[in-house]
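The structure appears below as structure tokens.
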Amino acid sequence: MKRLGFIGTGGMGSGMAANLLKAGFSLVVNDIRREVARPLEENGAVFAHNPREVAESCDVVLSMLPFSAAVRDVALAEGGLAEASGGARVWVDFSSIDKNTVVEMNGALTAHGWQLLDASVSGVEEQAAAAALSIWASGPKALYDENLAVLQAMGKKIVYMGELGNAKLVKTANAMLSGIMHMGMVEVFNWLKAGGLNEEDFQNFIRSSQNYSDALERVTRIIVSGNFKPRKSWMPKDVGFGLDVARDMEIPVPFSSLVYQMFAIAQANGVDGYEATGIACEVYSILSGGKAR
């Protein structure tokens, strides 16, 4: 089996990397915080001190990083992939970043013999740990086919999206759609509740609606329970990417723009430390003249 490298073993990356170990892959890991990689080391992973060392000791490098700047550093900074003297020449990046950065890094690394497969995931930490992510991947089809087994070790739905960068585009699109859905669901819930509908009837309404889906069921449960899991939501950042792209393409996206402003209200009032459903509930509570939890 391929020897894999994984860079970025935080909340999402740790679960994804752990599933690669469970699938029988040898694993080399790297993170700027060694402590978050230690559980993987305890289960058989080998720690490397920088991306170059990761690349030189494996066949394929994977990464899950928080920002475009971190992706550029992994590729081009001192000790980056571009400096690797041997080993891997395939990089699969799962980071939640914009398409332009992926295309830029692909161009920069081609001269060093690298091929890039762009990937994105839909899911949270618990789904990453359970290998239940949805994964979109784009880039050379042959490269995708060669690494499909690696992707399947981390997700339950794997979809090929065509040319390089498309996986980042659909990740952004998913965030835009999800943001609109979360805010819309909370708005409708508040409207119905003000009209006299109770929580149980609201749930029954959603479950009997033509619009019902697993996603709406999950959001409905959270709204009704009021149990908002504390976590950093990356949705505002991803929606922001969508607005940037829309400006470049001169495409109107008024709903996504409004959603971004709603997240900005949450940030300004210090209630952005939840998953997206919790943020939406807090924002609407503030807009209705109530108090945040």
Revision key, fill the gap. If each part is reduced to its alpha-carbon centroid, segment 247-293 and segment 49-128 end up apart, in Å, by 32
Review point. Roughly how tilted is helix 214-225, in degrees to the nearest 10 and between 0 and 90, from the longest Cα axis of the chain?
Key: 60
Review point. If Lys and Arg each add +1 and Asp and Glu each add -1, what is the summed charge of the other residues whose beta carbon sits under 15 Å from the beta carbon of Met262?
Key: -4
Check your understanding: Taking the Cα atoms only, what angle lies between the long axis of helix 199-208 and the longest principal axis of the chain, rounded to 10 degrees?
Key -> 60
Check your understanding: If you put +1 on each Lys and Arg Cβ and -1 on each Asp and Glu Cβ, how big is the dipole of segment 152-221 around its Cα centre, in Debye rounded to 20?
Key -> 320
Study note, to complete from the structure: The whole-number value in µm²/s of the Stokes-Einstein translational diffusion coefficient for segment 75-133, with Rh from the Kirkwood sum over alpha carbon pairs at 20 °C and 1.002 mPa s, is 166
Practice item. Would you calculate, for the chain, the mean residue ellipticity at 222 nm contributed by helices, counting each DSSP H stretch of 4 or more residues as -39,500 (n - 2.57) and dividing by all residues, to the nearest 500? Key: -16500 deg cm²/dmol
Study note, to complete from the structure: Among Thr110, Trp136, Phe47, the residue whose Cα sits farthest towards the positive end of the charge dipole of segment 25-169, when +1 is placed on the Cβ of each Lys and Arg and -1 on the Cβ of each Asp and Glu, is Trp136
**Study point:** Protection proxy ranking, peptides 123-133, 159-169, average beta carbon neighbours within 10 Å, highest first
**Key:** 159-169, 123-133
**Study point:** Of Ala268, Ser95, Gly80, farthest towards positive along the dipole that unit charges on Lys, Arg, Asp, Glu beta carbons give the chain
**Key:** Ala268
Exercise for review: Please work out how many pairs of lysine residues in segment 140-206 are eight or more positions apart (or on different chains) and have Cα atoms closer than 29 angstrom.
Suggested key: 8
Practice item. Quick one: divide the alpha-carbon radius of gyration of the chain by 2.2 N^0.38 Å and tell me what you get. Key: 1.07
Review point. Taking the Cα-to-Cβ direction at Gln267 and at Glu146 and moving 7 Å from each Cα, how far apart do the two end points lie in nm?
Key: 4.0
Review point. Carbon and sulfur together cover what percent of the accessible area of segment 183-235 at a 1.4 Å probe radius?
Key: 50
Exercise for review: Excluding Ser213 itself, calculate the net charge of residues whose Cβ lies under 15 Å from the Cβ of Ser213, where each Lys or Arg counts +1 and each Asp or Glu counts -1.
Suggested key: +2
Point to revise | Euclidean distance of C-alpha centroids, segment 140-206 and segment 13-44, integer Å | key: 27
Study note, to complete from the structure: Most fluctuating of Ser14, Ser134, Ser208 in the GNM of the chain (C-alpha, under 10 Å) is Ser208
Revision key, fill the gap. Between Asp244 and Ser288, Cβ-based FRET efficiency (R0 30 Å, step 0.05) works out to 0.45
Review point. Mind checking the angle between helix 166-194 and the chain's longest principal axis? C-alpha axes, 0 to 90 degrees, to the nearest 10.
Key: 20
**Study point:** Dipole magnitude (debye, nearest 20) for segment 60-138, charges at Cβ of Lys, Arg, Asp, Glu
**Key:** 200
**Study point:** Cut-off 13 Å between beta-carbons: net charge of the residues surrounding Leu81, Lys and Arg +1, Asp and Glu -1
**Key:** -3
Review point. Rule-of-thumb check for segment 145-293: C-alpha Rg over 2.2 N^0.38 Å?
Key: 1.17
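The values are calculated or read from the model by the stated rules, or taken from the named source; none is laboratory data. Predicted model only: the values in this text are computed from it and were never measured. Positions of Cβ are backbone-derived with ideal geometry, glycine not excepted, and every protein chain shown enters the neighbour counts. Ligands, DNA and RNA are excluded from the accessible area calculation, which covers all protein heavy atoms including side chains. Shrake-Rupley method; radii C 1.70, N 1.55, O 1.52, S 1.80 Å.
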